[in-house]
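**Student:** Got a structure here, written out as structure tokens. Questions coming.
What follows is calculated from the coordinates using simple rules that are stated; it is not laboratory data. A quick note: this is a predicted structure, and the numbers were derived from the prediction, not measured. Cβ sites come from the backbone with ideal geometry, for glycine too, and all protein chains shown count toward neighbours.
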Number of protein chains: 2
Amino acid sequence: MAHKVQEYVQLLQRQIISELEDVDGKALFQIDEWEREGGGGGITRVLDGGHVFEKAGVNTSAVHGVLPERMAKVLNVPATQFFATGISLVIHPQSPFVPTVHANFRYFALGEDLMNPLDQWFGGGADLTPYYPYLEDAKHFHGVWKEACDKHSVASYSDYKKQCDAYFYLPHRSETRGVGGIFFDYMRTDPEDTFAFLKEAGDSFTKAYLPIVQKRKDIPYGEQERLYHEIRRGRYVEFNLLFDRGTRFGIETNGRTESILMSLPARVQWHYDWQPVAGSKEAEAMWFFEPRDWLSFDV
Amino acid sequence: MAHKVQEYVQLLQRQIISELEDVDGKALFQIDEWEREGGGGGITRVLDGGHVFEKAGVNTSAVHGVLPERMAKVLNVPATQFFATGISLVIHPQSPFVPTVHANFRYFALGEDLMNPLDQWFGGGADLTPYYPYLEDAKHFHGVWKEACDKHSVASYSDYKKQCDAYFYLPHRSETRGVGGIFFDYMRTDPEDTFAFLKEAGDSFTKAYLPIVQKRKDIPYGEQERLYHEIRRGRYVEFNLLFDRGTRFGIETNGRTESILMSLPARVQWHYDWQPVAGSKEAEAMWFFEPRDWLSFDV
């Protein structure tokens, strides 16, 4: 299973990158292969300054060795051998009309013998962060994930949607990070069935995201929209550095800093007590930043 | 003592703002007075878009009430009445040649009777974050703090300098935040003597910082220096959101978000694996981002 998942996420990485490069039409993803001191390594692929995408990272890793002490403590397991592989991506487009997206799909196993692990589980998810949100985009994104979940008895869209809303939440702003998506972890259902779902989800990513990009990428915008975009991106940075477990865990366990922080947008602004003007497009956007049942809307 | 410190930090706030407005020549600090639900409040004063200062916040607060549970846990004391007052400032100049500076000076007391507290202590410090550093600026800044400490038997420059280096450190970058300064906390020495030192330190702030501003503010710079400036500011955001105890504590205890995050610079950039060109000014700057005995250099 370890080997099959690793192969799958690397294949998915190449497919997603190829589709993103096609849509962008200008920028290519650079490649950085790195090795982990304790065992394994990763392939970091980053794009900076494209036509459509301002900054994007699509990374895979497959690491193994003795479970770091801190990780053992968090997982509440003895410091045995471990194996972890996954794909993690964050895409920040140039246009404030094209949402930021994040997704990851991963597999974790404990024990000396990967053919017969002591424990193993799958996790992952995808969530969408629009700046000028469209109800039909939120509905499309969620619709794709619901369809993927509904095909697999091990998965539950409604559970994963709730988990996503709860996780991607900024308590100090009383806002969700965006319009959510799905989030799941510690899936210990039958490994073959669960892997089949993980592949379904991975393969659904571009179907969930790229139609939105195509629909919104040519909407004209000016300085005011861009300022708002960079200010809202500040919330993304706040979430990732203050609350995201993966980011904090990576930083605290001496992970590869540049691969972890590739999730941060290229250009960000913070201004004291910025508030949208009442009745403006920017004020209307705030309606989207709380948990809603997007599929129930008739658009 | 509670009342005296509160009066002092508010006076210091007005003095510092007046000197900063003089140096800037354009922007004025706006004023936001706020009240805390559990008791007390603060005066947030922020400048955005000045000639010399791009963003600056000089805040005071004086809060009291029942010690929040989380705070009691961190301090390892019972949930009694508390009083806290202090001044906290962060200044982000426009020019990459003018350093960012941070300082705060504060007093904390526990117990029902502020005239006779169960426990009380002082804390504070100041640290300098240059982008294009000058050895003579680091030496001047530290020289002022050493002089202030040397006048008071309760204080120790060498201790506080070490604490500052240890605190303002980014482990994931293996860098200090800047060239340091002084940092002290839980000073439980004689309250009158300690308050005399706190005033000395507070009064020293503009002497430590403004001569550096005056010396560097008119150095011309272009796009390349500005890009570097915004990228280095990313480290400031990373420190404050990932590691700064005050920021995390404020966010986690439902503090006033905008007053806490006024410390973040206005414009910031993150690019994957940015590295200074070997031999460049930017590469040379890195020498400054590790603990050094600035006063020992002959400049």
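**Student:** Just one of B:Val46, B:Val52, B:Val63, B:Val58 is among the hydrophobic types (A, V, I, L, M, F, W, C) and closer than 17 Å to B:Ala109 by Cα; which is it?
**Tutor:** B:Val63
**Student:** Here are A:Ala62, A:Ala72, A:Ala103: which of them is free of Cβ contacts under 8 Å to residues at least 24 places away in the same chain and in contact with a Ser or Thr (Cβ under 9 Å, 6 or more places away or on another chain)?
**Tutor:** Of the residues listed, the single one that is free of Cβ contacts under 8 Å to residues at least 24 places away in the same chain and in contact with a Ser or Thr (Cβ under 9 Å, 6 or more places away or on another chain) is A:Ala72.
**Student:** Go through segment B:211-223 and give me each residue that's surrounded by fewer than 17 Cβ atoms within 10 Å (Cβ to Cβ) and more than 14 Å from chain A (Cβ to nearest Cβ).
**Tutor:** Selection gives B:Pro211, B:Gln214, B:Lys215, B:Asp218, B:Ile219, B:Pro220, B:Tyr221, B:Gly222.
**Student:** Among the residues of segment A:198-205, is any within 14 Å of chain B (Cβ to nearest Cβ) and closer than 24 Å to A:Arg106 by Cβ?
**Tutor:** The answer is no, given that none of the residues of segment A:198-205 is within 14 Å of chain B (Cβ to nearest Cβ) and closer than 24 Å to A:Arg106 by Cβ.
**Student:** Filter segment A:265-291 for residues that are over 18 Å from A:Ser174 (Cα atoms) and in contact (Cβ under 8 Å) with a residue 60 or more places away in the chain; which is farthest from the other protein chains (Cβ to nearest Cβ)?
**Tutor:** Filtering first and then ranking leaves A:Lys281.
**Student:** B:Asp127 passes all but one of (1) touching a residue at least 60 places away in the same chain (Cβ under 8 Å); (2) out of contact with any Leu (no Cβ under 6 Å at 6 or more places or on another chain); (3) of a type in the set (D, E, K, R); which number fails?
**Tutor:** Only one criterion in (1) touching a residue at least 60 places away in the same chain (Cβ under 8 Å); (2) out of contact with any Leu (no Cβ under 6 Å at 6 or more places or on another chain); (3) of a type in the set (D, E, K, R) is unmet by B:Asp127, namely (1).
**Student:** Has segment A:75-85 got at least one residue that is in a strand (DSSP E or B) and either in contact with a helix residue (DSSP H, G or I) (Cβ under 7 Å, 6 or more places away or on another chain) or within 13 Å of another protein chain (Cβ to nearest Cβ) (or both)?
**Tutor:** There is at least one residue in segment A:75-85 that is in a strand (DSSP E or B) and either in contact with a helix residue (DSSP H, G or I) (Cβ under 7 Å, 6 or more places away or on another chain) or within 13 Å of another protein chain (Cβ to nearest Cβ) (or both).
**Student:** Considering only residues that are in contact (Cβ under 8 Å) with a residue 40 or more places away in the chain and assigned to a loop (DSSP other than H, G, I, E, B), look in segment A:197-232 and name the one that is farthest from A:Val5 (Cα to Cα).
**Tutor:** Looking at residues that are in contact (Cβ under 8 Å) with a residue 40 or more places away in the chain and assigned to a loop (DSSP other than H, G, I, E, B), I get A:Tyr221.
Residues are listed down the side, and each one gets a yes or a no for (1) exposed (fewer than 15 other Cβ atoms within 10 Å of the Cβ); (2) away from every other protein chain (no Cβ under 14 Å); (3) outside any helix (DSSP H, G or I):
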site	(1), (2), (3)
A:Val154	no, yes, yes
A:Tyr160	no, yes, no
A:Gln163	no, yes, no
A:Ala166	yes, yes, no
A:Ile182	no, yes, yes
A:Tyr186	yes, yes, yes
A:Glu192	yes, yes, no
A:Phe195	no, yes, no
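**Student:** Now for a separate question. Got at least one residue in segment B:93-106 being surrounded by 19 or more Cβ atoms within 10 Å (Cβ to Cβ) and more than 18 Å from B:Tyr209 (Cβ to Cβ)?
**Tutor:** Yes, there is a match, as at least one residue in segment B:93-106 is surrounded by 19 or more Cβ atoms within 10 Å (Cβ to Cβ) and more than 18 Å from B:Tyr209 (Cβ to Cβ).
**Student:** Pairs only if they're at least six apart or on different chains, beta carbon under 8 angstrom, first in segment A:12-36 and within 14 Å of chain B (Cβ to nearest Cβ), second in a helix (DSSP H, G or I) and among the hydrophobic types (A, V, I, L, M, F, W, C); list them, first residue then second.
**Tutor:** Sorted first by the residue in segment A:12-36, then by its partner, the pairs are A:Phe29/A:Ile17; A:Phe29/A:Leu20.
**Student:** Right, another one. Farther than 25 Å from B:Asn59 by Cα, more than 9 Å from chain B (Cβ to nearest Cβ), basic (Lys, Arg) and over 20 Å from the mean Cα position of the chain (by Cα), is that true of A:Arg226?
**Tutor:** Taking the combined requirement at face value, the residue satisfies it.
**Student:** Condition first: buried (at least 18 other Cβ atoms within 10 Å of the Cβ) and assigned to a loop (DSSP other than H, G, I, E, B). Now tell me which residues in segment A:113-151 satisfy that.
**Tutor:** The answer is A:Pro117, A:Pro130, A:Tyr131, A:Tyr132, A:Pro133.
**Student:** Do you know which residues across segment B:243-253 are free of Cβ contacts under 8 Å to residues at least 24 places away in the same chain and either more than 20 Å from B:Gly124 (Cβ to Cβ) or in a helix (DSSP H, G or I) (or both)?
**Tutor:** B:Arg245, B:Thr247, B:Arg248, B:Gly250, B:Ile251
**Student:** Out of all the residues in segment B:46-66, which are of a type outside the set (Val, Ile, Thr) and more than 10 Å from chain A (Cβ to nearest Cβ)?
**Tutor:** Selection gives B:Gly50, B:His51, B:Phe53, B:Glu54, B:Asn59, B:Ser61, B:Ala62, B:His64, B:Gly65.
**Student:** Related question: Identify, from the list B:Glu284, B:Glu238, B:Glu258, B:Glu230, the residue that is under 22 Å from B:Gly181 (Cα atoms), acidic (Asp, Glu) and in contact with a strand residue (DSSP E or B) (Cβ under 9 Å, 6 or more places away or on another chain).
**Tutor:** B:Glu238
**Student:** Quickly run through segment A:168-180 and pick out the residues that are surrounded by fewer than 24 Cβ atoms within 10 Å (Cβ to Cβ) and either in contact with a strand residue (DSSP E or B) (Cβ under 9 Å, 6 or more places away or on another chain) or more than 14 Å from chain B (Cβ to nearest Cβ) (or both).
**Tutor:** Selection gives A:Tyr169, A:Leu170, A:Glu175, A:Thr176.
**Student:** Now a separate question. Given the condition more than 14 Å from every other protein chain (Cβ to nearest Cβ), of a type in the set (Ser, Thr, Tyr) and buried (at least 19 other Cβ atoms within 10 Å of the Cβ), answer yes or no: does some residue in segment A:244-261 qualify?
**Tutor:** no
**Student:** With the condition kept exactly as written, say whether any residue in segment B:21-41 is surrounded by 15 or more Cβ atoms within 10 Å (Cβ to Cβ), assigned to a strand (DSSP E or B) and within 18 Å of the chain's Cα centre (by Cα).
**Tutor:** no
**Student:** Can B:Gly49 be described as closer than 30 Å to B:Val154 by Cβ and surrounded by fewer than 24 Cβ atoms within 10 Å (Cβ to Cβ)?
**Tutor:** For B:Gly49, the condition - closer than 30 Å to B:Val154 by Cβ and surrounded by fewer than 24 Cβ atoms within 10 Å (Cβ to Cβ) - is not met.
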